[in-house]
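The values are calculated or read from the model by the stated rules, or taken from the named source; none is laboratory data. The model shown is predicted, which means the values in this text are computed figures rather than measured ones. Neighbour counts run over all protein chains shown; Cβ positions are idealised from the backbone, glycine included. Surface areas here come from the heavy atoms of the whole protein model, side chains and all, with no ligands, DNA or RNA. Shrake-Rupley method; radii C 1.70, N 1.55, O 1.52, S 1.80 Å.
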Amino acid sequence: ILGEHLRICPQGYTCCTSEMEENFANKSRSEFEAMMKEAGRSVQATLTAQHRSFDSYFQDLLNKSEKALYDAFPSMYGELYTQNMKVFKDLYSELRRYYRSSNINLEEALNEFWTRLLERLFKLMNPQYHITDEYLDCMVKHAEQHKPFGEVPRDLKVKATRAFIAARSYAQGFLVGSDVVKKVSQVSLSHECTRAIMKLMYCPHCRGMSSVRPCNNYCLNVVKGCLANQADLSTEWKYLMDSLIVVADRIDGPYNVDTVIGTIHMRIAEAISNLQENKDSITAKVFQGCGNPKISTKGSSSEDKKRRGKVTLEAKSSAQALEMLVLDAKGNLTALKTYWITLPNSLCSKKVMASSALDDKCWNGMTKGSYLPEVMGDGLANQINNPEVEVDITKPDMTIRQQIMQLKIMTNRLGNANIGNDVDFQDTSDDLSGSGSGDSCPDDVCGKRLSKSPSTRQPETHAIPKQSGHGINGASSRSLPSASLLLLLVAVIALQHLWR
């Protein structure tokens, strides 16, 4: 029949009624959106699997360290352990909470552990004295200069904070990447795209050419126009993948989580040994600084606090497992770098089943023949002259713009993790961006990165790494004025004008 009634397909002779054309338009829309979600689910599955593998490995490291402590310490230390069991349990509990992105100051948590442990052990090692809370406060103040546990607390703090910061940012990076793909894959097609997809996929049916495949370049122009906003994710997406690869190298290198996390119990044992060996000199120094405490009227209990025998503490290395985890992750991350800009090619070749680029007997949108227009570039700005889809380049999709910001924020966090610098996993709408670079972090700097009080500290604002196409090598931080400070500045200037 004559096709004057058609609103999307060419109006020559046709097999389709208006109702058929409308049904085909709805069908093509739902099929294309399903293609997008299916492609996205594949990427989500890869990132989620990587997160699950690393998360399971890291949690297992912590569990083994804690179990080794519970198994060995009772026979090693007697009452020194049994009367202080809660201190050790609380430490591992805080470490897990931090890793799960709770708002915990890790350095403060470690400091609190050593303080509580010292207070308990000092009282147990001096049972003949009545030691008050005020006396303990004085003792703790002098502890820093006496170093009762040796260098272990400082060394563990530097290494553990680096390892934990890297581990939790790394794990979080996979989840953020997966969430971005999920949200972007759910963005619905515009009205113009629905028409273009229908014309691409089902208008040949209306012309009696159901076996003729769409021209490849024609398909690419339609899909690039419809996924122009998605293609704009590509730059930040690549930076996130590069950032995860860099931090993966840190986790299996300088910040080796296998060595650091798997030996926490051994470092604690080393610290307690240092205290026991230097008990007399440390006690004398404390008495000198804080005065002699009163003799206890209860008398001293039997000293069941020394080691009961030699127990060998071992760290069961899982370095090979970590190496394989990192190797697998880097391979997957590298493969995913170009996902957003290769998506049109993937959809056209695998899903739409477009013809080869050289085919001159393919569906070109009007009839069977060759397709002459050039293929558009990637991204929204390149669609201004797209011959197949009308794209308003002045109105970017806000959902996708928000996801681009999420990628920037996560890349920023990974950049800071790369140099051992912590960033709160706070409301991402408050994150700001800047620029900077750097890839080193001396021990005496990294150990002082975190503020003392999580309730009073100002959120750190860290620079987003310079984006030169080579991934990230780190990021330096710089403070930016807050909104309230800017408002105050404007108010002062206004008042100055009024006074004049």
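Results, tabulated for the structure shown:
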read-out	value
Residues (at pLDDT 95 or above and of a type in the set (Asp, Glu)) located in region 321-341	ASP328
Selection from region 394-420 of residues that are closer than 22 Å to VAL180 by Cβ, outside any helix (DSSP H, G or I) and open to solvent by 50 Å² or more (accessible area, probe 1.4 Å)	LYS395
Residue within region 328-339 that is over 30 Å from THR259 (Cβ atoms), under 32 Å from the mean Cα position of the chain (by Cα) and open to solvent by less than 70 Å² (accessible area, probe 1.4 Å) present	yes
Total residues in region 371-393, condition part of a helix (DSSP H, G or I) and among the aromatic types (Phe, Trp, Tyr)	0
Region 70-89: number of residues that are more than 15 Å from GLU119 (Cα to Cα) and under 30 Å from the mean Cα position of the chain (by Cα)	1
Residue check for ALA109: in contact (Cβ under 8 Å) with a residue 12 or more places away in the chain, touching an Asp or Glu at 6+ places or on another chain (Cβ under 6 Å) and closer than 30 Å to GLN44 by Cβ	no
Residue ID - farthest from LYS361 (Cα to Cα), chosen from residues in region 184-243 that are open to solvent by 40 Å² or more (accessible area, probe 1.4 Å) and of a type in the set (Lys, Arg)	LYS238
Any hit, region 205-213, residues being under 20 Å from ARG7 (Cα atoms), at pLDDT below 95, touching a Lys or Arg at 6+ places or on another chain (Cβ under 7 Å) and of a type outside the set (Gly, Ala, Ser)	yes
Residue check for SER318: on the phi < 0 side of the Ramachandran plot and at pLDDT below 90	yes
Any hit, region 64-75, residues being open to solvent by 60 Å² or more (accessible area, probe 1.4 Å) and of a type in the set (S, T, N, Q)	no
Close pairs from region 390-416: first touching a residue at least 12 places away in the same chain (Cβ under 8 Å), partner part of a helix (DSSP H, G or I) and of a type in the set (Lys, Arg), Cβ under 8 Å, at least 6 apart	THR399/LYS183; GLN403/LYS183
Residue pairs meeting the criteria (Cβ under 9 Å; at least 6 apart or on separate chains; first part of a loop (DSSP other than H, G, I, E, B), in region 135-150; second open to solvent by less than 80 Å² (accessible area, probe 1.4 Å) and small (Gly, Ala, Ser))	PRO148/ALA271; PHE149/ALA143; PHE149/ALA271; GLY150/ALA271; GLY150/SER273
Within region 356-393, tally of residues that are within 25 Å of VAL181 (Cα to Cα) and crowded, with 19+ Cβ neighbours inside 10 Å	7
Residue within region 22-43 that is open to solvent by 60 Å² or more (accessible area, probe 1.4 Å), within 22 Å of the chain's Cα centre (by Cα) and within 30 Å of SER178 (Cα to Cα) present	yes
Which numbered condition TYR255 misses (of (1) modelled with pLDDT of 90 or more; (2) open to solvent by less than 20 Å² (accessible area, probe 1.4 Å))	(1)
Single residue of region 124-160 satisfying the filter (modelled with pLDDT under 90 and of a type in the set (Lys, Arg)) that is least open to solvent (accessible area, probe 1.4 Å)	LYS147
